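The values are calculated or read from the model by the stated rules, or taken from the named source; none is laboratory data. Source: prediction; values computed, not measured. Cβ coordinates were reconstructed from backbone atoms using ideal geometry, including for glycine residues, and neighbour counts include every protein chain displayed.
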Amino acid sequence: MIVLGIETSCDETSAGVVRGGCEVLSNVVASQANLHARYGGVVPEVASRKHLECMLPVVLEALDHAGVTWRELGGLAVTNRPGLLGALLVGVSAAKALAYALKIPIAPVHHLEGHLYSTFLAAPDLTDQFPLLALIVSGGHTQIIRMDRHCEYQLLGTTRDDAAGEAFDKGARLLNLPYPGGPEVAALASQGDPARVLMPRSYLGDTLDFSFSGVKTALRTFIARDNGKTNLADIAAGYQEAIVVMLTRTLQRAIHSTGIKTFCVCGGVAANRRLQESMKAMAQAEGCRLILPDTQLCTDNAAMIAAAGWYRLQHADSSPLSFDTLAVSPLALATISS
Ligand SMILES: Nc1ncnc2c1ncn2[C@@H]1O[C@H](COP(=O)(O)OP(=O)(O)OP(=O)(O)O)[C@@H](O)[C@H]1O
Ligand SMILES: [Mg+2]
């Protein structure tokens with residue numbers, strides 16, 4: 001079955017076409033990052049209006065790139081939660097209208113479920129390799145999820161304050177780097193020595209939870225006291241290293257406590273080279289299989305939504321057109337009970 005996916009949860013208008021749940025035929029992403037850069041973050045009203053402008057052209061481009069006609073589409077998938085409500089509504093309205101007009105089934109997809117399924121696009125054979133541990137590291141979430149079968153999610157750990165991507169973005173602001181900050185911090189850090197500025201790491205007892213507020217405060221305090229003496233690249237490298245080590249060690253503890261030997265890292269921060277190196281080294285030391293999505297599928301895109309939707313439609317989870325759109329919703333609630 002060929003599925004058209006639509007994603008508008010934040011500041012990317014995206015449409016993607018996926019065949020058989022694993023073959024990406026097209027993935028068009030219209031980013032609004034430049035539009036929001038002057039505000040230092042996403043302005044919801046501006047994002048919604050831009051989605052309205054871009055939605056139809058992006059869908060048409062995705063079909064064109066895929067070489068697929070309307071009639072060849074077997075299903076639709078759309079991000080309906082969580083995200084900016086006004087932004088989500090643009091994508092959901094477009095997808096519902098298309099599903100109605102084309103008389104094809106539609107699957108509402110949880111945005112984090114989409115990030116998770118970017119892993120299955122990178123490793124289609126994973127489809128019968130459960131259980132699986134997933135570290136989702138994105139702009140708004142940092143979670144460790146256990147999957148025992150498709151579309152079933154158990155939350156093992158989450159952040160108590162900032163998400164990892166948020167920590168990168170806020171750190172970037174403290175370092176006077178532009179928005180979006182993650183790639184900027186990573187680029188600066190690649191020129192620095194991570195051992196020169198040691199930042200604190202937080203571990204929350206026996207839990208698999210995360211906290212990044214301490215390292216963020218440490219960065220702020222360091223910059224204020226340092227008075228420009230230390231090379232900014234070394235500061236960025238030390239800051240990035242603390243985030244990477246916290247993520248790696250906590251995931252390693254999840255591997256020890258569950259005994260699960262297959263894991264993936266997904267979401268925007270999974271594009272971070274230093275994090276990838278650290279996870280690869282840990283996977284090798286633990287004798288685990290690590291799956292990393294293609295870099296362009298780490299940040300928001302509709303191919304991952306189409307892939308997740310394909311699996312949901314295989315589980316006969318086609319929804320009536322009355323399904324809701326939600327700003328907040330835990331991933332565990334997206335589980336399909338068997
Ligand atoms: N190379 C990188 N290094 C570190 N962080 C990065 C890198 N590339 C992207 N990021 C971060 O990833 C985040 C964007 O990821 P993503 O698009 O998945 O987040 P989001 O969709 O805004 O949030 P969520 O998925 O939680 O709703 C931003 O915080 C960005 O700074
Ligand atoms: Mg995202």
Hey, any hits in segment 85-108 for a residue that's closer than 30 Å to T250 by Cα, surrounded by 20 or more Cβ atoms within 10 Å (Cβ to Cβ) and within 16 Å of ligand 1 (Cβ to nearest atom)? no
Of the candidates E53, E61, E12, E45, the one satisfying the condition of being touching a residue at least 60 places away in the same chain (Cβ under 8 Å), among the acidic types (D, E) and in the same structural domain as R312 (by TED's automatic domain parsing) is E12
The residue from G205, G192 that alone is among the small types (G, A, S), away from ligand 1 (no atom under 13 Å from the Cβ) and closer than 20 Å to Q276 by Cβ is G192
Could you tell me whether segment 223-243 includes any residue that is small (G, A, S), in contact with a Leu (Cβ under 9 Å, 6 or more places away or on another chain) and under 22 Å from H111 (Cα atoms)? no
Checked segment 198-223 for anything exposed (fewer than 13 other Cβ atoms within 10 Å of the Cβ) and in a loop (DSSP other than H, G, I, E, B); matches are L198, P200, G205, D206
When segment 103-151 is checked residue by residue, the ones that are part of a strand (DSSP E or B), within 16 Å of ligand 2 (Cβ to nearest atom) and among the β-branched types (V, I, T) are V109, I136, V137, T142, I145
If you go through A195, A187, A172, A167, the only one that is in a helix (DSSP H, G or I) and surrounded by fewer than 17 Cβ atoms within 10 Å (Cβ to Cβ) is A187
- For V265, indicate whether it is assigned to a strand (DSSP E or B), at pLDDT 95 or above and surrounded by 15 or more Cβ atoms within 10 Å (Cβ to Cβ). yes
